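Encoded as structure tokens, the structure appears first; notes follow it.
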Amino acid sequence: MINDKQVHGLSKELLSQRKVEIIDIAAVSCNYWSKIIGTAKLDFSMFISQKTQRGPLSKGWQSPMNYVLETCNPVMTSYKLVTMDAPIWGIGGHLEEAMIASEKALLSEFHKLCFAWIDEWFGMTMGQIMEMEKQNNLLLQKTFQKSFSTSKQDAQTKSKHETQKIVDVSSIVPV
């Protein structure tokens with residue numbers, strides 16, 4: 001595993017404030033954000049990739065002495081820098097903790113899915129990856145457009161109902 005202490009080029013001040021957290025994709029998280037964000041109910045202690053023969057990931061799989069890391073080459077290391085500053089008296093610290101926890105859950109979920117789908121993308125050329133990204137982008141745009149138009153229709157429907165309620169209420173009120 002790569003162990004670069006200064007991959008983000010932080011100043012000494014920021015480096016002294018930084019907290020490094022290792023995300024274990026094989027661990028089961030039971031916190032609030034993991035339940036909200038988590039869609040993948042994956043058990044990596046049973047998972048073995050058909051193409052790469054990687055897995056299963058048992059407890060302690062990240063240890064340098066573990067069989068998985070000795071036999072898997074290359075190993076991907078992903079560095080993410082999340083900075084949160086909410087200078088709001090009384091709730092700022094809680095807000096920062098909540099946002100960092102949500103980011104950690106999101107990153108954990110994303111990396112779990114990347115590993116779970118390894119047989120889908122392993123061995124692809126850069127051109128194939130770019131084509132897949134293009135197709136996913138188009139699908140995402142269609143989804144957003146559909147969602148936006150549905151939200152707009154819901155808002156119009158709600159607006160009509162609210163107008164109707166106002167008319168109904170005002171018709172009962174004596175003038």
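The phi-based Karplus calculation (6.51 cos²θ - 1.76 cosθ + 1.60; θ = phi - 60°) puts the 3J(HN,Hα) values of the range 78-84 at 10, 9, 10, 10, 10, 10, 9 Hz, whole numbers, x for Gly and Pro.
For the range 74-115 versus the range 121-142, the spacing of their alpha-carbon centroids is 26 Å. Close Lys pairs in the range 11-123 (alpha-carbon distance under 26 Å; sequence gap of 8 or more, or different chains): 24.
No lab work stands behind these numbers, since they all come straight from the coordinates. Predicted model, so just to flag it, every value in this text is computed and none were measured.
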